[in-house]
Amino acid sequence: MNTVFQQYYEKSIRIAPDGFSFFKQDGKRLICKSFPRSSDALLSTEAPAFFGTEDTVTVIAAHHIPMLIPSEIHDPEKNSAYLQLQFDTSQLGATFTDTTGQYRSVYFLTKNENDTIGRLPFRCQVVAETSLLYRFLSENTTEPSMFVSVNQEFIDILAVQKSEIVFMNRFHLVEPSDTLCYLYNIMKQFNLRQPELYLHFFAEEDKKLIQLLKQYSFKTNIL
């Protein structure tokens, strides 16, 4: 992981649809230990063994894309109602919000996830992964930019222009050519001319995607 980008994951638990991962710093190197959804590993058992005596760990919620509510109309008491418009909240455990540009990102953990985190022997701060990706773009570039997060079963794409989010969505089980089409459609829709592209693989690096982006002259930064 790129040394600038890795600071956003230092001392963290990442919860995604395809499993969970732990990150912590070892000198200048960021150690990652991942547990696929198909494994029998339990977060409640593995996390204390990995983090030891840490006081605080960040929980990165990457299991779904948050809802974006304009800050001027966001009502914290309606978070559950907002989420019900887009998600199955029958297993709702707790709702959370982050400030993401001019929006509030509204998201949730299930009861099982929230209870598990509550039993860990350290304090947990919860943040949506898209909020971290937005923070990375806003702190590291002033140019129109796009972040592509590639996972085992999905990709997340975040586009920013003039320091504000113009697009944020998740696509499942996509081929490199599909990713290219999505990027071009987003650029056309929001008039993003030659955006800076940031690419990170949480799954195995896709050399075909990298080659395709280079072939079509994307200014690609692999993190």
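Among the residues of region 151-200, those that are touching a residue at least 40 places away in the same chain (Cβ under 8 Å) and closer than 24 Å to residue 19 by Cβ comprise 151, 152, 153, 154, 156, 168, 169, 170, 198, 199, 200.
The numbered conditions (1) in contact with a Lys or Arg (Cβ under 9 Å, 6 or more places away or on another chain); (2) surrounded by fewer than 20 Cβ atoms within 10 Å (Cβ to Cβ); (3) of a type in the set (Gly, Ala, Ser); (4) closer than 27 Å to residue 7 by Cβ are all true for residue 93 except (4). Residues in region 146-162 that are open to solvent by 10 Å² or more (accessible area, probe 1.4 Å) and touching a Pro at 6+ places or on another chain (Cβ under 7 Å): 153, 161.
Suppose the filter is on the phi > 0 side of the Ramachandran plot and surrounded by 13 or more Cβ atoms within 10 Å (Cβ to Cβ); does residue 52 pass it? So residue 52 fails the test.
I need a count of the residues in region 101-129 that are among the hydroxyl-bearing types (Ser, Thr, Tyr) and over 21 Å from residue 169 (Cβ atoms). Don't jump to the end; show me each part of the working.
Within region 101-129, the first condition is being among the hydroxyl-bearing types (Ser, Thr, Tyr), and the residues that meet it are 103, 105, 107, 110, 116.
Right, trim to over 21 Å from residue 169 (Cβ atoms) and you get 110, 116.
Looking only at that region, the number is 2.
Across region 126-140, which residue is farthest from residue 36 (Cα to Cα) among those that are of a type in the set (D, E, K, R) and open to solvent by 20 Å² or more (accessible area, probe 1.4 Å)? The qualifying residue farthest from residue 36 (Cα to Cα) is 139. For residue 63, the conditions (1) more than 16 Å from the chain's Cα centre (by Cα); (2) surrounded by 13 or more Cβ atoms within 10 Å (Cβ to Cβ); (3) part of a loop (DSSP other than H, G, I, E, B) are fulfilled apart from (1). The requirement of being free of Cβ contacts under 8 Å to residues at least 40 places away in the same chain, more than 22 Å from residue 128 (Cβ to Cβ) and acidic (Asp, Glu) is fulfilled somewhere in region 24-36, by at least one residue.
Here residue 143 meets the list (1) closer than 24 Å to residue 211 by Cβ; (2) open to solvent by 30 Å² or more (accessible area, probe 1.4 Å); (3) among the charged types (D, E, K, R); (4) in contact with a helix residue (DSSP H, G or I) (Cβ under 9 Å, 6 or more places away or on another chain) almost entirely, failing just condition (4). The set of residues in region 8-46 that are open to solvent by less than 60 Å² (accessible area, probe 1.4 Å), assigned to a helix (DSSP H, G or I) and either in contact with a strand residue (DSSP E or B) (Cβ under 6 Å, 6 or more places away or on another chain) or polar (S, T, N, Q) (or both) comprises 9, 43, 44.
Of the residues in region 85-105, none is at negative phi and in a helix (DSSP H, G or I).
The values are calculated or read from the model by the stated rules, or taken from the named source; none is laboratory data. The model shown is predicted, which means the values in this text are computed figures rather than measured ones. Note: ideal-geometry Cβ built from the backbone for every residue, glycine included; neighbour counts use all protein chains shown. For accessibility, only protein heavy atoms count, side chains too; no ligands or nucleic acids. Shrake-Rupley method; radii C 1.70, N 1.55, O 1.52, S 1.80 Å.
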